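The values are calculated or read from the model by the stated rules, or taken from the named source; none is laboratory data. Everything quoted here is computed from the prediction, not taken from an experiment. Here Cβ is always computed from backbone atoms with ideal geometry, including for glycine, and neighbour counts include all displayed protein chains.
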Amino acid sequence: MKGMNINMYKLVAIDLDGTLLNPYGEVSEETKETIKMVKNKGVEVVIASGRPIDSIKTIAKEIESDKYFISGNGAILYDVKNNEILYENTLKKSKVLDIIKICEENSIYYNIYTEKEIIAKGLNFNVLYYYKENLNKDEDNKTHINIIENIYDYISQREEKILKITICDDNQTIFNSIMRKLKEINDIEILEVSHMSRKIIRQGTEEVPIEYFYTEISAKNVDKWDAIEQLAQKLNIKNEEIIAIGDNINDKKMIQNAGMGIAMEGSTNEVTQIANYVTTNNSENGVAKALKKLILE
């Protein structure tokens with residue numbers, strides 16, 4: 001395993017969906033236990049996700065990662081203890097309104113991640129998944145979903161920080177045509193996701209898959225790695241002392257630049273190719289296995 005040097009790591013950055021969370025959106029007991037042991041060795045464990053702040057707070061609490069996390073794919077570096085944003089690179093309102101207009105004119109599903117909530121017109125795709133996830137959580141731990149009929153007007157009248165916009169469709173032709181239109185907007189970052197998102201929700205005894213094509217739009221130069229670098233600087237940690245674990249294109253830069261970049265089994269191809277090491281998938285405690293191998297054994 002190239003780049004492997006036991007006991008030199010000081011910071012672990014872990015993606016959520018497809019990585020730390022299993023396909024049902026849960027953190028396994030084995031993974032929680034492993035993270036606890038890693039933290040006991042003095043290693044900082046930090047979530048680096050595309051989710052909004054409140055949605056990450058819950059999971060951070062669950063794994064006792066009580067100092068920092070990265071939200072909105074790197075749009076925000078958050079200090080949990082002091083309840084404050086340490087670094088931000090959020091979308092300009094004018095850009096958000098341009099994107100909403102394109103989605104509305106083309107009748108395509110979109111949702112907007114602010115620092116506090118996810119704004120959508122209805123419960124579909126990723127928002128449906130968060131809604132179902134909420135059913136198993138108490139009020140304090142839910143991802144806040146705000147269903148709004150006229151999102152354009154709603155955003156026009158508000159001054160909230162906007163982390164990212166997610167655009168989804170289950171028809172690839174429709175999705176590809178919207179991608180072409182979005183690429184005409186300058187000064188935004190458009191995630192090139194080559195595969196469908198596949199998640200599972202439980203309905204009674206049934207398992208229902210949610211599958212869709214999607215992209216995520218953020219401000220120019222937003223990346224999880226940029227936020228990790230801000231944190232590493234603050235904590236006086238070198239790049240080679242960082243482990244990054246992920247599965248998707250928004251994890252590419254952190255996996256490439258960290259001292260040890262780990263991809264989940266079944267990750268998007270670009271990520272697998274640049275990883276130092278591929279662990280098992282998120283149904284098989286891949287994060288726990290990697291951390292045991294690199295830090296605990």
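Being out of contact with any strand residue (DSSP E or B) (no Cβ under 6 Å at 6 or more places or on another chain) and not polar (S, T, N, Q) is a property that I59 has. Scanning the range 215-238 for residues that are buried (at least 18 other Cβ atoms within 10 Å of the Cβ), free of Cβ contacts under 8 Å to residues at least 60 places away in the same chain and farther than 20 Å from N186 by Cα returns a single hit, E229.
If you take the residues of the range 31-46 that are polar (S, T, N, Q) and either at pLDDT below 95 or surrounded by 21 or more Cβ atoms within 10 Å (Cβ to Cβ) (or both), which of them is nearest to K293 (Cα to Cα)? So the residue we want is T34. Here E184 meets the list (1) under 27 Å from E88 (Cα atoms); (2) in a loop (DSSP other than H, G, I, E, B); (3) touching a Ser or Thr at 6+ places or on another chain (Cβ under 8 Å) almost entirely, failing just condition (3). So is K142 modelled with pLDDT under 95 and either surrounded by fewer than 18 Cβ atoms within 10 Å (Cβ to Cβ) or closer than 22 Å to N89 by Cα (or both) or not? For K142, the condition - modelled with pLDDT under 95 and either surrounded by fewer than 18 Cβ atoms within 10 Å (Cβ to Cβ) or closer than 22 Å to N89 by Cα (or both) - is met.
Residues are listed down the side, and each one gets a yes or a no for (1) touching a Pro at 6+ places or on another chain (Cβ under 9 Å); (2) buried (at least 16 other Cβ atoms within 10 Å of the Cβ); (3) without any contact (Cβ under 8 Å) to a residue 40 or more places away in the chain; (4) not in a strand (DSSP E or B):
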| site | (1), (2), (3), (4) |
| --- | --- |
| K116 | yes, no, no, yes |
| N126 | no, yes, no, yes |
| Y129 | no, yes, no, yes |
| K132 | no, yes, no, yes |
| N136 | no, no, yes, yes |
| N146 | no, no, yes, no |
| L163 | yes, yes, no, no |
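When residues in the range 11-30 are screened for being surrounded by fewer than 17 Cβ atoms within 10 Å (Cβ to Cβ) and either in contact with a helix residue (DSSP H, G or I) (Cβ under 6 Å, 6 or more places away or on another chain) or part of a strand (DSSP E or B) (or both), 1 of them pass.
Residues in the range 148-161 that are within 25 Å of F175 (Cβ to Cβ) and outside any loop (DSSP other than H, G, I, E, B): I151, Y152, Y154, I155. With the structure loaded, tell me whether G122 is of a type in the set (G, A, S) and closer than 30 Å to I242 by Cβ or whether it fails that test. Answer is no for this residue. Considering only residues in the range 197-214 that are aliphatic (A, V, I, L, M) and surrounded by 13 or more Cβ atoms within 10 Å (Cβ to Cβ), the one that is nearest to N111 (Cα to Cα) turns out to be I210. I'd like to know if the range 229-251 contains one or more residues that are within 30 Å of Q172 (Cβ to Cβ) and among the polar types (S, T, N, Q). So far as the range 229-251 goes, yes, one or more of its residues are within 30 Å of Q172 (Cβ to Cβ) and among the polar types (S, T, N, Q). Residues in the range 66-77 include at least one that is over 25 Å from E139 (Cβ atoms), in a helix (DSSP H, G or I) and assigned by TED's automatic domain parsing to the domain that holds I242.
A single entry from L135, L97 fulfils the requirement of being more than 20 Å from D54 (Cα to Cα) and either over 20 Å from the mean Cα position of the chain (by Cα) or not assigned by TED's automatic domain parsing to the domain that holds E184 (or both): L97. Criterion first (crowded, with 17+ Cβ neighbours inside 10 Å, closer than 15 Å to L16 by Cα and of a type in the set (G, A, S)) does A258 satisfy it? Considered against the rule, which asks whether it is crowded, with 17+ Cβ neighbours inside 10 Å, closer than 15 Å to L16 by Cα and of a type in the set (G, A, S), A258 comes out as no.
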